[in-house]
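To start, the structure itself, in structure tokens.
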Amino acid sequence: MLLSAKEQLELLERGTAQIISREELLQKLERSVATGKPLRVKLGVDPTSSDIHLGHTVPLQKLRQFQDLGHTAVLIIGDYTAMIGDPSGKSSTRPRLSHEEVLANAKTYQDQVFKILIPEQTEVVFNGDWFSKMSFSDVANMTSKLTVARMLERDDFAKRFQNNQPISILEFIYPLMQATDSVEIRADVELGGTDQIFNILLGRDLQRDAGQEAQVVMCLPLLVGLDGVNKMSKSLGNYIGITDDPNDMYGKVMSLADEMMITYFELVTNMDKAEIDQIKKGLEDGSLHPKEAKSRLGMQIVEQYHSREAAIKARDEFEKVFKAGGLPEDIPEFTIAEDTVWIVKLLVDCKLVSSNSDGRRMIEQGAVKVNDQRIDDSKLHIEVEDGMVIQVGKRKFAKVRK
């Protein structure tokens, strides 16, 4: 049954941080219902890394909501914008990627987004399709649309300017490129995080300049990562990837601070509002233990990106390892030829840490055990025994073979 425009609006505005404007969105929805023509809802993604994490899924989940209501998702793969890198929220210029690196990442992005989106209702376009054809005159015309004073209204640019930190002209071009994307695909709505509001508003300006109706801005909250402080980011290591192993995914969810749970239920699961409200009430009145709620969250997330069976297995494995003090069933095994080995090298060889410095840091933090004995000396050389078990943190294990 087709929902009315008001019913659609009520559903779509849940979990949003800001809509500019609600009245315009209602008008667009009313016209869509009257004409049977779906809205074109834009989401741009820059494939600056190879994996999508839960922070990326917040706008993707909202885009799926639009699809479920019969609208068209327009997913822009920013193969050209990614070569610049979005300066939003950054305190320094981002390192540039080659087009080859971007295209390789884009392939994995496309594979992963359809874990959430409906392929038949998704248009996938690359913004290189139009930027690669621009002449210098076209670029000059694009840059004439915005003044330096207007650009410095952006909080991140203003702070960098005040602190005498460099801002490249290329970074100034990025918001104009994102805005041009909206003109090219004639977007009715653009989704983005709260750090994207300047760029999306600029899209409205360029659409009006091109004689188009301005898109609605729909800003979504930024998902705080596992550290409980910063925006989820692969570079900060505070992320949960949607292709993470089920055990690792569940374990990461269980490490969340209790006060973050409801936000995660609301932003990254497809659980309905009534069920989330029930969980929230149970936590508030004490009838639901936080660990039980967190387990339900972990199960929900693993099931979304793997399967119900994988979620049950991950939960049972977690209970075995962390509550009963046992070991995981499937511990990766590594053959070590040396009779004695430097503990930090052993951690690196067993892929438990990414570098020597990371290994030293884990030992200093008391996070390393060998056969359940804590290691506190990063200079230690240990005798290699067949079957010895090495543990880093709560979730990483390796077994040594001679």
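We did not get these values from a lab; they are worked out from the coordinates using the rules stated. Please read all numbers here as calculations on a predicted model, not as lab measurements. Neighbour counts run over all protein chains shown; Cβ positions are idealised from the backbone, glycine included.
Hey, what angle do you get for helix 197-209 against the long axis of the chain, alpha-carbon based, 0 to 90 degrees rounded to 10?
30 degrees
Using a Gaussian network model of the chain whose springs link C-alpha atoms within less than 10 Å, name the residue from Ile167, Ile382, Ile84 with the highest mean-square fluctuation.
Ile382
When DSSP beta bridges are limited to those with both residues in the chain, what percentage is antiparallel, rounded to the nearest 5?
45 percent
Run through region 188-292 and list the chymotrypsin sites (Phe, Trp or Tyr not before Pro) located in a DSSP loop whose Cβ has at most 12 other Cβ atoms within 10 Å.
none
Hey, can you grab everything whose amide H is under 5 Å from the amide H of Met134? Only 5+ residues off in sequence or another chain; H modelled, so Pro and N-termini drop out.
Amide H neighbours of Met134, under 5 Å, 5+ apart: none.
Which whole-Hz couplings ³J(HN,Hα) result when phi for each residue of region 372-387 is put into the Karplus expression 6.51 cos²θ - 1.76 cosθ + 1.60, θ = phi - 60°, listed in order with x for Gly and Pro?
For region 372-387, the Karplus curve yields 6, 9, 5, 9, 10, 10, 6, 9, 5, 10, 10, 7, 7, 10, 5, x Hz.
So what is the calculated 222 nm ellipticity per residue for the chain, using -39500 (n - 2.57) for each DSSP H run with n of 4 or more, over all residues, to the nearest 500 deg cm²/dmol? If you can, show how the numbers build up before the last one.
Numbers: 17 runs with 179 residues, N = 402.
Here the helix-only value at 222 nm equals -13500 deg cm²/dmol.
Counting other Cβ atoms within 10 Å, keep those with at most 15, restrict to DSSP loop, and tell me which trypsin sites (Lys or Arg not before Pro) in region 1-76 are left.
Loop-located and lightly packed - Arg14.
In terms of modelled amide H atoms, which long-range or inter-chain residues lie less than 5 Å from the amide H of Val216?
Val189, Glu190
As a footprinting exposure proxy, order Ser135, Ser255, Ser295 by other Cβ within 10 Å, with the fewest listed first. Don't jump to the answer; show the numbers that get you there.
Values: Ser135 8, Ser255 15, Ser295 18.
Listed from fewest to most nearby Cβ atoms, that is Ser135, Ser255, Ser295.
In this model, which of Lys294/Lys320; Lys107/Lys345; Lys107/Lys273; Lys107/Lys159; Lys62/Lys320; Lys159/Lys396 are farther than 28 Å apart at the alpha-carbon? Don't skip to the answer; put the middle values down first.
Details: Lys294/Lys320 17 Å; Lys107/Lys345 34 Å; Lys107/Lys273 33 Å; Lys107/Lys159 35 Å; Lys62/Lys320 36 Å; Lys159/Lys396 40 Å.
Listed pairs above 28 Å: Lys107/Lys345; Lys107/Lys273; Lys107/Lys159; Lys62/Lys320; Lys159/Lys396.
Rounded, prolate or oblate for region 5-220? Axes are the square roots of the Cα gyration tensor eigenvalues, ordered a ≥ b ≥ c, and the cut-off for rounded is a/c under 1.5.
On the way: a/c = 1.60, a/b = 1.35, b/c = 1.19.
Prolate shape, in that a/c is at least 1.5 and a/b is the bigger ratio.
Going by how many other Cβ atoms sit within 10 Å of their own, how do Phe114, Phe318 line up, fewest first? Working shown, then result.
Values: Phe114 13, Phe318 20.
With the fewest neighbours first, Phe114, Phe318 line up as Phe114, Phe318.
Among Ile262, Ile76, Ile169, which one shows the biggest mean-square fluctuation in a GNM of the chain, springs joining Cα atoms closer than 10 Å?
Ile169
Provide the per-residue ³J(HN,Hα) series for region 3-16, in order, calculated from phi with Karplus coefficients 6.51, -1.76, 1.60 and θ = phi - 60°, each as a whole number of Hz, with x at glycine and proline positions.
Using θ = phi - 60°, the values come out as 7, 5, 4, 5, 5, 5, 4, 4, 6, 6, 7, 5, x, 8 Hz.
Given a Förster distance of 30 angstrom, what is the FRET efficiency for Ile276 paired with Asp330, based on the Cβ-Cβ distance and rounded to 0.05?
Details: r = 33 Å, r/R0 = 1.10.
Efficiency at R0 = 30 Å is approximately 0.35.
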